[in-house]
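Following: one structure in structure tokens, then a few remarks.
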Amino acid sequence: MNIVLLGAPGAGKGTQAAKLVEEFNTPHISTGDMLRAAVAAGTELGLKAKSYMDAGDLVPDDVIIGLVTERLQEPDTANGFILDGFPRTSPQAVALDAELSKLGRPLDAALLIDVDPEVIVNRLTSRRMCRACGYIGTEADGPTCPKCGGEMYQRDDDNEATVRNRLDVYEKSTSPLIDYYRGCELLVTIDGDRDPNVVYADVKEALNL
Ligand code: AP5
Ligand code: MG
């Protein structure tokens, strides 16, 4: 499967990707996770990205396109990949098309996980993640990860003001990709405001899995 997961912040892209990884072991390429790892490691990329991320703004296209292009060269992606949070601007989508056509590995689908913005503000301000294993949960999980016992933490960008800016940025810069992928006949829309396992059943059906 060569797929793109589209959807607003908090729509459940990471949650659905984790389910696909667990069942099919497909490489999960999340630009947000890659950037957070770079920030935590204090690399040059992390230093460049942090202020954009904390404000809920997009990191410049050239930085992100370079990151994903490099990742797609790695051999584990030859049999499939799940792109999560990329592309999120028109130049990123065009660059991805060019790279995949060079590699001879076209996209199979762009799955839009569709959730109302008001639902999202609540979801994101109560999201907690595991520092050790990356498990995505909620504040109801408490301070320790139910999967590995690691420390649960709140992302710096999961406060209400930043979430609202992320939603605005999504509307302005990323939502035009819905029409872009519809035009390529790759778009599949899935109602993401249901139990995550119900959403996942639809994801698999959409991908003929
Ligand atoms: P990124 O990490 O990609 O964040 P995002 O797009 O804002 O998306 P999220 O990770 O917040 O949400 P999600 O859809 O993965 O939801 P999740 O499954 O966690 O990007 C962060 C930042 O990095 C950007 O703001 C930008 O600065 C930068 N960046 C990244 N990529 C970039 C790019 N390509 N170009 C430029 N800049 C880039 O779920 C959320 C919560 O909801 C969880 O608590 C979960 O348990 C819960 N949940 C999930 N599904 C359900 C459900 N069905 N029902 C109820 N609750 C659910
Ligand atoms: Mg995510």
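The values are calculated or read from the model by the stated rules, or taken from the named source; none is laboratory data. As the structure is a computational prediction, the values presented were derived from the model and not from experiment. Please note: Cβ atoms are built from the backbone with ideal geometry, for glycine as well, and neighbour counts cover all protein chains shown. With ligands, DNA and RNA removed, areas are computed over all heavy atoms of the protein, side chains included. Shrake-Rupley method; radii C 1.70, N 1.55, O 1.52, S 1.80 Å.
Here's the yes/no breakdown for (1) within 13 Å of ligand 1 (Cβ to nearest atom); (2) in contact (Cβ under 8 Å) with a residue 60 or more places away in the chain; (3) farther than 30 Å from ARG194 by Cα; (4) not in a helix (DSSP H, G or I):
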position	(1), (2), (3), (4)
LEU20	yes, yes, no, no
ILE29	yes, no, no, yes
ILE65	yes, no, yes, no
ARG71	yes, no, yes, no
ASP76	no, no, yes, no
PRO87	yes, yes, no, yes
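Scan segment 1-27 for residues that are more than 10 Å from ligand 2 (Cβ to nearest atom) and not β-branched (Val, Ile, Thr) and jot them down. Reasoning before the result, please.
So the first thing to find is which residues in segment 1-27 are more than 10 Å from ligand 2 (Cβ to nearest atom), and the list is 1-4, 6, 8, 19-27.
Once the filter is applied, which keeps residues that are more than 10 Å from ligand 2 (Cβ to nearest atom) and not β-branched (Val, Ile, Thr), segment 1-27 yields MET1, ASN2, LEU6, ALA8, LYS19, LEU20, GLU22, GLU23, PHE24, ASN25, PRO27.
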Residue pairs qualifying under the 6 Å Cβ cut-off, at least six apart or on distinct chains, with the first in segment 147-161 being outside any loop (DSSP other than H, G, I, E, B) and the second being among the hydroxyl-bearing types (Ser, Thr, Tyr) and open to solvent by less than 60 Å² (accessible area, probe 1.4 Å), are GLU160/THR125
Search result, residues across segment 24-73 that are under 18 Å from GLY12 (Cα atoms) and either basic (Lys, Arg) or at pLDDT below 95 (or both): ARG36
Out of ASP141, ASP168, report the one residue that is more than 17 Å from the chain's Cα centre (by Cα), open to solvent by 30 Å² or more (accessible area, probe 1.4 Å) and modelled with pLDDT of 95 or more. ASP141
Quick one: how many residues across segment 1-30 are surrounded by fewer than 23 Cβ atoms within 10 Å (Cβ to Cβ), in contact with a Phe, Trp or Tyr (Cβ under 9 Å, 6 or more places away or on another chain) and of a type in the set (S, T, N, Q)? 4
What is the one condition in (1) closer than 19 Å to GLY14 by Cβ; (2) open to solvent by less than 30 Å² (accessible area, probe 1.4 Å) that TYR181 does not satisfy? (1)
Hey, can you tell me all the residues within segment 112-154 that are under 18 Å from VAL21 (Cβ atoms), within 14 Å of ligand 2 (Cβ to nearest atom) and of a type in the set (A, V, I, L, M)? ILE113, MET129, ILE136
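If you go through segment 39-54 one residue at a time, do you hit one that is open to solvent by 10 Å² or more (accessible area, probe 1.4 Å), near ligand 1 (Cβ under 10 Å from one of its atoms), part of a helix (DSSP H, G or I) and over 21 Å from GLU171 (Cα atoms)?
Scanning segment 39-54 turns up at least one residue that is open to solvent by 10 Å² or more (accessible area, probe 1.4 Å), near ligand 1 (Cβ under 10 Å from one of its atoms), part of a helix (DSSP H, G or I) and over 21 Å from GLU171 (Cα atoms).
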I need the full set of residues from segment 79-96 which are away from ligand 2 (no atom under 16 Å from the Cβ), modelled with pLDDT of 95 or more and open to solvent by 40 Å² or more (accessible area, probe 1.4 Å), in order please. SER90, PRO91, VAL94
